[in-house]
Structure formats: structure tokens, C-alpha cells
Amino acid sequence: MTRLELSGYRLAICLGPGGVGKTTISAALAIGAAASGRAVDVMTVDPAPRLLDALGLEGVAAEPHEVNLDSVLRASDATRHGRLRALRLDPKATFDAIVRRHAASAAAADAILAGRIYRNLASALAGVADYMAMEKLLELAADPATGLVVLDTPPAAEALDFLDAPRRLVELLGSRAVSLLGARRGPRRVSMVDIAARAILGAFDRVTGLKLLADVQAFVGGFDGMYEGFAERATRASAMLRDGATGVIVVTTAEAGRIAQAREFIAALERAALHVRAVIVNRAMPELPDPAEIERARISAALKRKLRRNLEDHAALKARESISFDTLRSAMPAGAALMLAPELEHEPRTLPDLAQIAASIHSA
Amino acid sequence: MALARLLFVTGKGGTGKSTVAAALADALSHKRPTVLADLDPRMSAAAMLLGAPLAGGAGARISPVLEVVALTARAELEAFMRRIVPVAAISRRMLGSRTFGYVTAALPGLEAFLLLERLRIMAGDAALEDRQVVVDAPASGSALELLAVASAVKGIAPAGSLNRIAHSVESFVRDPARFGVILTVTPEELAIREALELAAALREHLGVATVAAIMNRMPAPLFTRADLDAIAPLRAHHHLAVRRELERSAAHRARREFARAGVPMIELAALYRPAMGRAEITALGGVLAAELPAR
């Protein structure tokens, strides 16, 4: 049994399809690393209530918050310097804070925060939430006292939705189209294409009733002067993602649909030159018990039949699972480990549960 | 007595949404021509289960009475543009324009909204031709967002065609004759709780009715309490047996809780087979068709 070793890493990003337990795995990896003596921050996105509880994140916890590890550290560990801080990403609060911090003036910040587009859409925009996770990540990574940041990510249809967020936002804020829409970013030659685009957008507004042109103008105009800061941080975030000390961990379950999706994630990450450290199959079936035990047991023949039947049922499911593993194994990038996180007997709800998951993750 | 014209199948990730959607569409197609609309055509899991992988967002005909169509937000946006800007050259120009691309990218709600509008039109057409529509929808959280998008659009477009569409989409999802949600769930606490929460959120915030909860992968009864006591010394076997019976009791508790929420629960037996194929889908579909409550 080989363990997942994260000692050489400063950032671990858990990516994967929805519903596979990314948050659980992120929290488990963070606890495992903290228990081995590292100073770890884990940023979760939309965790289940029980995990919130386990990590002490009830209510608002948009800033890192120290998790008491007494229940998972052995007495011998107590002298070590491991620590765990957890936080829960609040994209809206992060965005608001950035706007307040970087806007040209308080009035400019107010104008952005009060704008219709910002109010209605900023928090709902998937891209903005992803980007805000990056902003927060830069903030966490900048703390020299932190050894490892474990990042849980929002469920995404595609792997790069999340990792691409900084580029997308910067492209939006810096685009020629946007400067044409009203942000004053120095003189530019306005082409016929731009004029046509603007006229068309105006026509779209009249038909749909959206009045987008003015709102987008106001929204983007408010960011005037902030663009360079966004661009600079996005560039740093992109560089950090590709850094040798950053490992992407793809989380999936053994279900056929999820495996197919995980394979697409892996392929996309490879194309984007991101370093996949491991693929973890969460909630893997535990080893099945020995059928010989049934025959040796001093129980009725009827009960033996029931036990055999139960074992056969589970063996069929296990066979289904191993087909999934084979499919995944054929798609593993070079240098990445295929790992299993066996299913707990019950849903993880406490720190010791998460520590148990961390300890049970092993290579397939 | 009829089912809602369009059945919207959602549930926690991993609870067998696509399996249930495929089984349901397969079974209902024996009563009237059925369209299975796949909102995640990249994966097209439901189509794969029916034996017809979708190629590049196209549709597939499974049988003379069963068709799978892939719906993408982008295609809906394009269709919408063609409708409101009837001059093809101009709508093409808009779709190709970077400015417009940025604006729509900045408004993902718009694409989701148009997808919902498309479902409304499909349900309307299906009523005229007496067809059934089954939707393999996104997982719970995204499904709720999708269904809530109409009211968000009303907020950002106080007048004009989008506002009018928002009103009609809202009344569509609230009309039990046209729209019904099917929740998939497995006999695990987390999935059960998520399904109950989703049913409550749909009812309370959106006025959307849940037709049924499908308890998927329900283990067949095998061990009595006395059996479990007798095999206690066989630790690993005992463990496996207890687990099976725990799942059954979680499902029984869920049935009571769904009943309190006014949602009937249908059980689908766990299939202990190494692979899921057409035969398994047909078997599950048979159970669903027999037990689904009609209005």
C-alpha cells in the first residue's frame, strides 16, 4: 500500500465531477498533511453541513479559521508543529473586498457594488466564483507560515472551467470589445467591426429589454484602473497552477459515467500542461471477505446460502468497479498515481472520520 | 389520468439520474412516442445506456417510438437569436461578434434560461402530438439554479421579450400538467437528505411539484435480525450483511419522510450485475412505468 505523498507540494488542487466527494477528499488530505506536521490551509467550496461542522465552519467563515486537531493527533504528535486552518470560499464577499481594496475611489467601488449587473449576476457567475477562488488562493499562498494549501473546487463540467477562470475574467475586462463599450483605456482605433458589434448589441437590447449595453458599460467602466491589478494577479495565479510544487488531484467515483468524465478531465489537464499528481477513486468498495469462512462457520445451511448470495451480489458490484479501474488506468498521465479511498462504514462527519479516510487512501 | 407532459429527472450526483431517465423514457415509449432530452450531451450517459452514443451533440433514434435529443445552451442561444433577429446575416454576425460573446459569457443565466424555454416549447409540442418528454437534467444544485433562472431573468429584464418569456417559463414549471420533477435517490443518508431538501426548495421557492422520488439500488431483503446475530462472529461477512440491512432501513425511513413531504417513493431493486445495459434498463423501466403515479 503506497500512500499519497504531498510533502514536495505547496498547493494541491482537487478537481472532479460533481458529487464525488471532492470536499471530503480535500479535507482528508489537509488533515493527513497537518497530522504529519505541516502547516496547512484548506479552502472548501460549498461543503456539506456535516463537513462544515467537522471543520468548525458553521456560519460565515470566509477567512481562515484554526481547526482543533486534538481529536486526530496522537499524544506523540502533539509536540509537532502541524496546524490546520479551514475556510469556506465566499465569492461575493471576496469580490466585494477586492473591489473595495482596488477601486480608484470609494465612489467608484460603490458604483460597481450597486450596479444592476454586479448585484444580479456577480455572485451567480460561475466564472467569477472560480476567479475569486484564485484570488483567495494567492492570498493564502502568500503567507510564508503556510506550508501547503489544499483547494477544493466547485463542481465543473470540464476540468479547465475552473483553472481557466483568471484568463477568462482578464480577457473580459481587458478586451477591445469592452474598451469599446466604455472603459477608457487609452486611445484605440475603432474599426467598422466594433461599430457594427455595438450597433447590434444595441438592437439586441431593444428587442430583449435587457439594456445590457449601458449596464455592461457601467460595470466595466467601474473597473477602470483596476484592470492592471486583475491582470497581474491572474498571471501570478496561472503561473502558480503550473508550478512544480503544485499538484492537481482528480477525484472521481467508480461509477461508469463519472469515470468517463474523469478521463476527460485528465485529458484536458494534460493538454493544458498541468501536473496531475494523482487520481483518487473515492468511495471504493472495501475488500470482500473470504468465502471459505462461510463454509467453516457453524451456522445453518440456510444462513450459509444467504451469506453466499450476499457475497455474490457484492462480487458482481466489485467486478463492475474493477472494469472502471481498468478504464481509468489506461488514461493515467505519466507520473500520476491511481489511488483508492475506500468507503467508510458511514458518512464522514467528524475529524477522526476524515483522518481515517486520509490514512486509508492507497494506490490501486 | 396522465403524467406530466415533461418529466425532469434530477438528484444528487451518483444516484443514477441518467439510468432512471433512460429507463423511464424506455418504458413510457411503449405508451406514446417519447423524447429523452439530454442536458449533458457531452457525457450522454442516458443515450449510452440505451445503446446509442450521441455523436457531437446530434440526436439519435433508439426505436420508432423513442428518440434521444441533446440540448446545448449554445444551440438554444443561436436559435433564440435567429428568432428575435430574423435576418440571418445579422444574427450570424451577432453570434460571431466578440462583444456579444463576452456579454453572453458574462450572463450564463441567459443560456440556462433559453434552455428552460426550449423545454417549455418541447412540452407544448409534445402535448399537441401526444408525445412524452423525459429530461436527463443536471444534478440537484444545478437543477435548482436552472429552474430558478426565470425569476432572475425577470429581475434583470424588466420589459421586452425576455421578460415575457420569463413569465411563460415560470408558469410552465409551476403547471403540474406540463412539468413534473422526478428525484433520484439512493439508500444513503446524504442522498436522502439532499433529495428531501431539493423537494422542499422546489415547492417552497419555485412552486414546482415533485412527482415521485425513485429509491434506486435498493437491496433485496436477505437477513433477519436473528440471522445477523447468528453471524456476528464472522466479522467481515456480518459487516457486509449489516450494511445491506442498514441501507434497507435508511430507505424505509426515507419513504416515511417523503410521504410527509407529499412525495411518493418508488423502489428500484439493486441489480447485482457487472455491467448495466439495455436489458437492465428495460427491467428498471418496467417497474417505473407500473408504479409512477398519474395525475
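Computed from the coordinates by the stated procedures, all read-outs in this text should not be read as laboratory data. All values reported here derive from a predicted model rather than from experimental measurement. Neighbour counts run over all protein chains shown; Cβ positions are idealised from the backbone, glycine included.
In a shell of Cβ-Cβ distance under 15 Å around residue B:285, excluding residue B:285 itself, what net charge do Lys and Arg (+1) and Asp and Glu (-1) give? Show your work: numbers first, answer last.
Numbers: positive: B:17, B:31, B:32, B:278; negative: B:26, B:136, B:267, B:280, B:291.
Taking every Cβ under 15 Å from that of residue B:285, the sum is -1.
Hand me the trypsin sites (Lys or Arg not before Pro) from segment A:1-45 located in a DSSP loop with no more than 15 other Cβ atoms within 10 Å, in residue order please. Provide the component values of the computation, followed by the final result.
Details: sites: A:3, A:10, A:22, A:38; in loops: A:3, A:10, A:38.
Qualifying residues, ordered by number: A:3.
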At a Cα cut-off below 26 Å, give the lysines reachable from residue A:304, other chains included and same-chain residues fewer than 8 away excluded. A:318
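Apply 1/(1 + (r/R0)^6) to the Cβ-Cβ distance of residue B:129 and residue B:197, taking R0 = 51 Å, and write down the FRET efficiency to the nearest 0.05.
With a Förster radius of 51 Å, E is 0.90.
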What residues from segment A:84-100 fall in the zone where the backbone N is under 20 Å from a label point 7 Å along the Cα-to-C-beta line of residue A:359? A:84
Projected label distance in nm at residue A:105 and residue B:82, using a 7 Å step from Cα toward the beta-carbon: 5.0 nm
Among the lysines, which fall within straight-line cross-link reach of residue B:154, defined as a Cα-Cα distance under 24 Å, with same-chain neighbours fewer than 8 residues apart omitted? A:92, A:211
What nm distance separates the two modelled labels at residue B:275 and residue B:224, each placed 7 Å from Cα along Cα→Cβ? 4.0 nm
What Kirkwood hydrodynamic radius, in Å, does segment B:106-176 give when the mean of 1/r is taken over all pairs of distinct Cα atoms and then inverted? 12.7 Å
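Within a 10 angstrom radius of the beta carbon, how do B:179, A:325, B:223 rank from fewest other beta carbons to most? Walk me through the numbers on the way to the answer.
On the way: B:179 26, A:325 16, B:223 21.
Arranged by neighbour count, lowest to highest, B:179, A:325, B:223 become A:325, B:223, B:179.
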Using the alpha-carbon atoms, what tilt in degrees (0 to 90, nearest 10) does helix B:108-128 show relative to the longest principal axis of chain B? 80 degrees
Starting from the Cα-Cα distance between residue B:239 and residue B:168, subtract it from 0.36 nm times their residue separation and give me the gain in nm to one decimal. 20.3 nm
In degrees between 0 and 90, to the nearest 10, how far off the longest principal axis of chain B does helix B:17-28 point, with axes built from Cα atoms? 80 degrees
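Any chance you could run the full-extension gain for residue A:245 through residue A:3? It's 0.36 nm times the residue separation minus the Cα-Cα distance, nm to one decimal. Can you show the working numbers first?
On the way: separation 242, 0.36 × 242 = 87.12 nm, distance 1.81 nm.
Full extension from residue A:245 to residue A:3 adds 85.3 nm.
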Relative to the longest principal axis of the C-alpha atoms of chain B, give the angle of the C-alpha long axis of helix B:140-156, reported between 0 and 90° and rounded to the nearest 10°. 30 degrees
What Kirkwood hydrodynamic radius, in Å, does chain B give when the mean of 1/r is taken over all pairs of distinct Cα atoms and then inverted? 20.4 Å
Which of the GluC sites (Glu not before Pro) across segment A:284-358 are loop residues per DSSP, with 12 or fewer other Cβ within 10 Å? A:287, A:345
With label points set 7 Å from each Cα along the Cα-to-Cβ direction at residue B:159 and residue B:145, the distance between them in nm comes to 3.2 nm
Please give me, ordered by residue number, the trypsin sites (Lys or Arg not before Pro) of segment B:113-172 that lie in loop per DSSP and have at most 12 other Cβ atoms within 10 Å. none
Which FRET efficiency, nearest 0.05, do residue B:290 and residue A:305 yield, Cβ-Cβ r, R0 41 Å? 0.85
